[in-house]
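Written out below as structure tokens is the structure these notes cover.
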Amino acid sequence: MLAALGWDGGWEAAREAANDPDGTPARIVAEHRGAYHAAGDGGVAWCEVTGKSFHTAADKRGLPTVGDWVLVSRWPEALAGAGAATIRAILPRRGLLVRRAAGEATAPQPLAANVDVGLVLASANGDLSLPRLDRYLAILRDGGIAPVIILSKVDLAGDPAPLLAQLAEVAPDARVIALSVITGTGTDEIRAIVRPGRTAVLLGSSGVGKSSLLNAMLGDDLQRVRPIRDDDRGRHTTTRRELFVAHDGGLWIDTPGMRELAQWIDDEAEDEAPDAFDDIAAAAESCRFRDCQHRAEPGCAVREAVPAARLASFHKLAGERATGAIKQQTAARLAETRRAKAKKYVPRTGKTEE
């Protein structure tokens, strides 16, 4: 069972390094409020973190997320329905997909852990947003996850070739695949990428066909899908992140469409260029000036080598990244000030200490 979930020699070594011989390995397959479903030897069971782990976690990255390998106690009892297993440790991750939590400036939100490849879907029937695509590619690369772009619903496009060429231009280092779950176009190519033991995460706006692709890969209608609306846009159906195992051994994490998609920027990475633009970083090595901003400077190799639309997207995402870093820092300072005042508060007098 563990091998079918992606367990290998590396995970076994991590388990031994954890020095917890009584911990049973399991993989988080679904996250709920305050609890999780995990799969392991014998089946699927409820798991919970300890109160201490919950309160000592600096943020949600310190708690389990879908795709994590964890060590638990009371696994046999949990499988038998006699309460939940207790999560004792999270094994070191091989990558973490994280965004800035919707509506928050200082809260990172993990989306999936231990993912090998990220499949970003864009619909051929009118859902193609290049700036949004750049954001998906950026958070995937931030998490150390290889990206693949899927142009879905190509059966609804008269000639998808121009769209495929546009996607290839926007992300020259990412593989681009045309997909139709109706005709079967691209499904074999995708299965070859998500081989047995490899984990893929599905990303994209609501209605681009993530659940339809998942059902095609699983060979079963596990994820509910709904017909296209009259305006040709798909409908939102997925409501939570969940990991599935396909009959051929591939592992799939489905995700809901995200209304807000902003990078979480760690302090040490705030000045770096967005990773989704490796081609621009490479071209910049030939610019005349080291501090070239690739706007109007003379001798700019980037403006000569990179299409204008892609360069505009680079400037937009870089600006959002810089603004996001400032917002995170400001909000963090305000939060620290509030915590400091709360510690000085004297309940009896209702005043704060000087």
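Structure summary
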read-out	value
Residue match in the stretch 154-166 (condition: of a type in the set (Val, Ile, Thr) and at pLDDT 90 or above)	yes
The one condition in (1) within 18 Å of Val29 (Cα to Cα); (2) of a type in the set (A, V, I, L, M, F, W, C); (3) modelled with pLDDT of 85 or more that Leu222 fails to fulfil	(3)
Hits in the stretch 202-222 (condition: surrounded by fewer than 15 Cβ atoms within 10 Å (Cβ to Cβ) and either outside any loop (DSSP other than H, G, I, E, B) or in contact with a Lys or Arg (Cβ under 8 Å, 6 or more places away or on another chain) (or both))	none
Subset of the stretch 185-201 (residues that are assigned to a helix (DSSP H, G or I) and touching a residue at least 24 places away in the same chain (Cβ under 8 Å))	Thr187, Ile190, Arg191, Ile193
All positions within the stretch 156-180 that are touching a residue at least 60 places away in the same chain (Cβ under 8 Å) and surrounded by 19 or more Cβ atoms within 10 Å (Cβ to Cβ)	Val170, Ala171
Answer from Leu96, Leu79, Leu140 - the residue that is surrounded by 23 or more Cβ atoms within 10 Å (Cβ to Cβ) and either among the polar types (S, T, N, Q) or in contact (Cβ under 8 Å) with a residue 24 or more places away in the chain (or both)	Leu140
Some residue of the stretch 49-56 being in a loop (DSSP other than H, G, I, E, B) and at pLDDT below 95	yes
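Quick grid of which residues meet (1) under 24 Å from Ala200 (Cβ atoms); (2) crowded, with 22+ Cβ neighbours inside 10 Å; (3) in contact with an Asp or Glu (Cβ under 6 Å, 6 or more places away or on another chain); (4) touching a residue at least 12 places away in the same chain (Cβ under 8 Å):
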| position | (1), (2), (3), (4) |
| --- | --- |
| Tyr36 | yes, yes, no, yes |
| Ser53 | no, no, no, yes |
| Thr56 | no, no, no, no |
| Leu63 | yes, no, no, yes |
| Val72 | no, yes, no, yes |
| Pro110 | yes, yes, no, yes |
| Asp116 | yes, no, no, yes |
| Val120 | yes, yes, no, yes |
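The values are calculated or read from the model by the stated rules, or taken from the named source; none is laboratory data. Fair warning: this is a prediction, and the values are worked out from it, not measured in the lab. Using ideal geometry, Cβ is built from the backbone for each residue, glycine included, and neighbour counts are taken over all protein chains shown.
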